[in-house]
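The values are calculated or read from the model by the stated rules, or taken from the named source; none is laboratory data. Remember, it's a predicted structure, so these values are computed and weren't measured experimentally. We place every Cβ from the backbone using ideal geometry, glycine too, and count neighbours over all the protein chains shown.
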Amino acid sequence: MSKTRKPKSTNTQVGALRLCRLGIDTYRENVAYLHRDCAVYRAEGFQALSKVEISNNGQRVLAVLNVVDDANIVGPDELGLSEHAFKVFGIADGSLVHIAHAEPPDSMDAVRRKINGERLSYADYSAITRDINDSRYSKMEMAAFLVASGQTGLDRDEVWHLTRAMLESGDRLNWDESLVVDKHCIGGLPGNRTSMLVVPIVAAHGMLMPKTSSRAITSPAGTADTMEVLAQVELAPEKLHQIVREHRGCLAWGGTARLAPVDDMLIAVERPLGIDSQGQMIASILSKKLAAGSSHLLIDIPVGPTAKVRHMRQALSLRKLFEFVGDRMGIHLECIITDGRQPIGRGIGPVLEARDVMQVLQNHPDAPADLRQKALRLAGRIIEFDPDVRGGYGYGIARDILDSGRALSKMNAIINAQGAQKALTPLGKLNFEIRAPTAGVVVSIDNFYMSRLARLAGAPSAKGAGVDLLKKLGDPVTAGEPLYRVYAEYPADYQFALSYSQQSLGYHVGNADEVPKAFVEF
């Protein structure tokens, strides 16, 4: 254990405990630790996993209580705090603190009503998000709220109310410009790293595009995870402003800027549970974009047999819901329906996706054509938000910016401004290939399967892990020819991925006339 024990001190206040920083990562959850023989623990009747309030001269923090029996972790006259709780509390290590039972959040009554299928008001969602932001909810209570919202569903007014409440939970960026653009893909399509191409193209055109992204929830990589291969993404708000002002764009993680912080807290619970319900997703996306100061937003909705959205009618319904909430939140919003039949690009996982992005920017002959084409289409639509650009001309402008090398120059400038990584992360040192069982044509690739395989291999936490696709839809294959290669960094992840790949290929090889048609709208 890295914690160095300090000399015992005698408390000078009745019931006071000495604060002890434990250096335990509890990932965005405040956790406190008391020894079972602590006099305060016994006198107050605390229970493990109960919510407690810790105070020092008016400073307070709420935390979930853990009880320990090892005095080498926390002594009987000490109160330990996890790293996150210690940072939030802001009180010096060794200070005297008091602990008391925390009042249960009043808004849990609204959560119980939602569990029973009732429709909640804006006041309910405002109270829930306020209590979550104040750390009055444990992860179990947040999980109850998320599951209830997903199982019983949110109607369109509830999605609007939740979006407003989440937006108001944190700060908002103001760029003092009338046109601030952004894009977002609803997900479900591995390798779809178009934002890292759209931002430098649009910024090179001169439009303001401060792209703040979340890390992956259920996918093998988010934009922030992949950009982190190339540059720092955890930027202080002041530095973020400076970069955007100078370069007209950025590709950063949104968590450090306190933009809709309740969303980040809920994502921390959604990630291990694999929850991504429609209402929560829309509220999450729009609250973050509005908090980042966006005035114009393009939403990418991929549709395909194994995408998050599998039918055209579902995509149209989702678009209507986005437009309803966007209209009431005062943001100009457009949704486009794109090809979701297969992963975009070749790489799935941070390092592999970063490779694809840089190949497109460099106009490399091996650059994945589908990633290049989709990025140009999306960038073209955003460029047409510019009142000086006529409709239909955006694609040509975007293509000229990419072909000329201006997009690459802009990307390099953004990378250097954010802080280029000193060394590139290598691919995972362990790998295996999956080969075609028969000759024919690739007629389907299972998006969900490939995402799960990449995650089992270690992505996104192991940035060099993932899946490299060697064949795409419509490609001819011979029996025994490699379809894709899996990379892992650690032996356990390698075995997980190998075992999973033996259950199914994730590919189907058949005849050319079996390739499904695409639903595409540009």
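Residues checked against (1) modelled with pLDDT of 95 or more; (2) of a type outside the set (G, A, S):
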position	(1), (2)
K3	no, yes
K8	no, yes
R18	yes, yes
R28	no, yes
A32	yes, no
A39	no, no
G45	no, no
H84	no, yes
**Q.** Tally of residues being touching a Ser or Thr at 6+ places or on another chain (Cβ under 6 Å), in a helix (DSSP H, G or I) and charged (D, E, K, R) across the range 260-309
**A.** 1
(Q) All but one of (1) out of contact with any Gly (no Cβ under 8 Å at 6 or more places or on another chain); (2) at pLDDT 95 or above hold for L297; state the number of the condition that does not hold. (A) (1)
Q: Find the helices (runs of 4 or more DSSP H) located wholly in the range 65-178 whose residues include 2 or more that are touching a helix residue (DSSP H, G or I) at 6+ places or on another chain (Cβ under 8 Å), and list them.
A: 108-115, 122-133, 139-152, 156-167
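This table checks each residue for (1) more than 27 Å from D25 (Cα to Cα); (2) crowded, with 23+ Cβ neighbours inside 10 Å.
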position: D77; (1), (2): no, no
position: A100; (1), (2): no, no
position: I115; (1), (2): yes, no
position: A123; (1), (2): yes, no
position: T129; (1), (2): no, yes
Q: Only residues that are over 25 Å from the mean Cα position of the chain (by Cα) and crowded, with 19+ Cβ neighbours inside 10 Å: list them for the range 381-396, please.
A: I383, E384, F385, G394
Q. Of the residues T212, T194, T223, which single one is touching a helix residue (DSSP H, G or I) at 6+ places or on another chain (Cβ under 6 Å), touching a residue at least 60 places away in the same chain (Cβ under 8 Å) and closer than 13 Å to C250 by Cβ?
A. T212
Q: Please enumerate the residues belonging to the range 257-312 that are surrounded by fewer than 22 Cβ atoms within 10 Å (Cβ to Cβ), hydroxyl-bearing (S, T, Y) and either closer than 19 Å to L208 by Cα or touching a strand residue (DSSP E or B) at 6+ places or on another chain (Cβ under 9 Å) (or both).
A: S295, T306
Q: Search the range 460-484 for residues being of a type in the set (D, E) and farther than 24 Å from P350 by Cβ, and hand back the single one that is surrounded by the most Cβ atoms within 10 Å (Cβ to Cβ).
A: E481
Q) Does I344 satisfy the condition of being surrounded by 24 or more Cβ atoms within 10 Å (Cβ to Cβ) and not acidic (D, E)? A) yes
